[in-house]
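Everything below concerns the one structure shown next.
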Amino acid sequence: MTRAITRRTALVLGGLGVVAVAGGGALLWAGLNPAGPRTGIPDGFTSGDDLSQPTELRSTGGLLDMALSAAPAAATIGGRAASVLGYNGGLPGPTLRLRAGDRVRVALKNGLADPTNLHVHGLHVSPEGNGDNMAVMVAAGESFDYEYRLPANHPPGVYWYHPHHHGTVADQVFGGLYGAIVVDDRAPIETSRERVLVISDITLDGAGTVAGASAAQRMQGREGELVLVNGQLAPTLSLRPGERERWRIVNACVSRYLRLRLDGHRLQLLGIDSGRLEKPAEVDEIVLVPGNRADVLVTSGSGSAILRTLAYDRGTATSGGMMGGSRQRATGSDVTLATVMVGGDPAAALAAVPRQPAPTDLRGSTVTARRELDFAMGMGMNGGSMMGFTINGQEFDPGRLDTTVLAGSVEEWTLRNGSGMDHPFHLHVWPMQIVAQGGAAETDVVWRDVVNVPAGGQVAVRIGFADFAGRTVYHCHILDHEDAGMMGTILAR
Ligand code: C2O
Ligand code: CU
Ligand code: CU
């Protein structure tokens, strides 16, 4: 049975309070818009299919040995045929399910027309050799064998992988190249079902091919017209009342900030990015900037609801007269991500979440160096007409070493943003502890591997350069900004 619900139909049904039968009649809609009308589903697209799960590849005996091909792929998005990019033909690619101490071998085959490579975002692994090495470039038609070794104490959490070839990252991720990585907990947390929700956005042209981005869109950071969950447009998830599920949510959007809400249901945050909170945090809203992930328990209430992302004001790319004086704000808009339908017999309550070890707190550590990183958008380095995206006044140069740190040391970095737009700052290999925001000390222990630095604001982070030496990068995770040069190199030695 197909449930093609266009935005218009949904509004009409919602307005009339009609009860529609779906999924073979097992579930009833308790009004289609308990949390407001569905938004962000353009005319001509359908929605409401059951949420699917990407293929899962699981390590066995401490090893995951897999092939990963990056290539053009055919997809059906919102009922329409689309030509996208995919890992192993999927949108998203397979979910890698790992454990601390695992070895992961990935034979990457580049079936694209352009160079690519692979980054395992957030994994605490070596950046050297055939590890998570950003200097690796895989030409069209070529292959490369990556190998990652997760330390025995690797934190559990949600991670992800995507291409990282400088200059093409935004286009390749926007086209569909991303997938989730889950590192399992040591002691399982009881749930009735686990789901991965990879959230991405994309724009398709009339022929179903992925639309390119204009210079102005790249400057702002492109936001796709369609916001997808596991490659699907506004799919449906079905739960029984009181049922507790675990959702692993990835923000794989090139630039879009997510402010997730699911009103009427209980959300318990287990962690953001890597590691665990000591005890779950009860939340109403989860903010994920590009690259962030959330690990969350969802306990359904009695009524159906809409999983939404609310508009977020990222500010303005001040372009002066260069781009025709455009000063459009990148505010995004409220978007329906999925419908959660509740029906059937109430589920029995599950055991409380076991208390987790307290996260490391670097506020008591000796800081061996303090640095400042300044994020700016201004005239290009060579005075050209394109806007330049810089860190400490410099655009990315892979041949230049920007920051050298002592392996094993703890540093404090002040991230300053003098521009009119937010920049989500990401460091590879080592997560960051936020110790102050806007000059005020952070009272909680907050870890992220992507930290938002608000327009005109500043954030201080502490970083422990533990376990690995080697060279890698940090950058703005608005991938258009990264491609435009807002990236630097770092060596731990
Ligand atoms: Cu998710 Cu350097 O990237
Ligand atoms: Cu990364
Ligand atoms: Cu940026």
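The values are calculated or read from the model by the stated rules, or taken from the named source; none is laboratory data. These figures come from a predicted structure and were not determined experimentally. All Cβ positions, even for glycine, are placed from backbone atoms using ideal geometry, and neighbour counts span all protein chains on display.
Out of VAL196, VAL169, one residue alone is buried (at least 24 other Cβ atoms within 10 Å of the Cβ) and within 16 Å of ligand 2 (Cβ to nearest atom). It is VAL169.
Taken over region 425-444, the criterion of being more than 11 Å from ligand 2 (Cβ to nearest atom) and touching a residue at least 60 places away in the same chain (Cβ under 8 Å) is satisfied by GLN433, VAL435.
If you go through region 251-297 one residue at a time, how many are of a type in the set (Val, Ile, Thr), within 23 Å of ASP444 (Cα to Cα) and surrounded by 23 or more Cβ atoms within 10 Å (Cβ to Cβ)?
Adding up the residues that qualify gives 3.
SER255: modelled with pLDDT under 95, under 16 Å from the mean Cα position of the chain (by Cα) and closer than 24 Å to TRP160 by Cβ, yes or no? Criteria not met by SER255. Filtered by the rule that a residue be under 20 Å from LEU63 (Cβ atoms) and not small (Gly, Ala, Ser), region 136-154 gives PHE144, ASP145, TYR146, GLU147, TYR148, ARG149, LEU150, PRO151, ASN153, HIS154. Just a yes or no: is a residue in region 90-107 under 30 Å from GLY206 (Cα atoms), part of a loop (DSSP other than H, G, I, E, B) and away from ligand 1 (no atom under 16 Å from the Cβ)? Yes, the conditions are met somewhere in region 90-107. Taking the numbered list (1) within 16 Å of ligand 2 (Cβ to nearest atom); (2) closer than 24 Å to LEU269 by Cβ; (3) in contact with a Ser or Thr (Cβ under 6 Å, 6 or more places away or on another chain) in turn, ALA460 passes all entries but (1). Only one entry of GLY388, GLY384 meets the criterion of being modelled with pLDDT under 95, assigned to a strand (DSSP E or B) and over 18 Å from GLY275 (Cβ atoms), and that entry is GLY388.
Taking region 480-490 on its own, how many of its residues are hydrophobic (A, V, I, L, M, F, W, C) and more than 9 Å from ligand 3 (Cβ to nearest atom)? Before you say what the answer is, go through the steps one by one.
Let us first name the residues in region 480-490 that are hydrophobic (A, V, I, L, M, F, W, C), namely 484, 486-487, 490.
Subset that is more than 9 Å from ligand 3 (Cβ to nearest atom): 487, 490.
Number of matching residues: 2.
Residues that are under 22 Å from SER333 (Cα atoms) and out of contact with any strand residue (DSSP E or B) (no Cβ under 6 Å at 6 or more places or on another chain) were ranked within region 266-312; the one that is modelled with the highest pLDDT is ASP284.
Residues being under 25 Å from THR331 (Cα atoms), within 16 Å of ligand 2 (Cβ to nearest atom), modelled with pLDDT of 95 or more and more than 18 Å from the chain's Cα centre (by Cα) are entirely absent from region 447-456.
The residues on offer are GLU147, GLU142, and the sole one that is closer than 23 Å to ARG493 by Cα and modelled with pLDDT of 95 or more is GLU147.
For region 214-228, the set of residues classified as under 15 Å from THR39 (Cβ atoms) and either free of Cβ contacts under 8 Å to residues at least 24 places away in the same chain or touching a strand residue (DSSP E or B) at 6+ places or on another chain (Cβ under 7 Å) (or both) consists of GLU223, GLY224, LEU226, VAL227, LEU228, listed by residue number. Looking only at region 108-126, which residues are of a type in the set (Ser, Thr, Tyr) and part of a strand (DSSP E or B)? Within region 108-126, just THR116 meets the criteria.
In this structure, ALA376 qualifies as within 24 Å of the chain's Cα centre (by Cα), outside any loop (DSSP other than H, G, I, E, B), within 12 Å of ligand 3 (Cβ to nearest atom) and at pLDDT 95 or above.
Close contacts from region 130-157, counting a first residue that is at positive phi and a second that is in a strand (DSSP E or B) and among the basic types (Lys, Arg), with Cβ to Cβ under 8 Å and a gap of 6+ residues or different chains, come to GLY157/ARG293.
Within region 452-480, residues that are touching a residue at least 60 places away in the same chain (Cβ under 8 Å) and assigned to a loop (DSSP other than H, G, I, E, B) have Cβ atoms under 8 Å from residues that are of a type in the set (Asp, Glu) and away from ligand 3 (no atom under 12 Å from the Cβ) in these pairs: PHE465/GLU411; PHE468/GLU128; ALA469/GLU128, counting only partners at least 6 apart in sequence or on another chain. When the residues of region 405-431 are filtered to those that are outside any loop (DSSP other than H, G, I, E, B) and more than 16 Å from ligand 3 (Cβ to nearest atom), the one that is surrounded by the most Cβ atoms within 10 Å (Cβ to Cβ) is TRP413. Here MET387, MET341 are screened, and the one residue that is among the hydrophobic types (A, V, I, L, M, F, W, C), within 16 Å of ligand 3 (Cβ to nearest atom) and surrounded by 13 or more Cβ atoms within 10 Å (Cβ to Cβ) is MET387. Of everything listed in (1) within 14 Å of ligand 3 (Cβ to nearest atom); (2) buried (at least 18 other Cβ atoms within 10 Å of the Cβ), the single unmet condition for GLY457 is (2).
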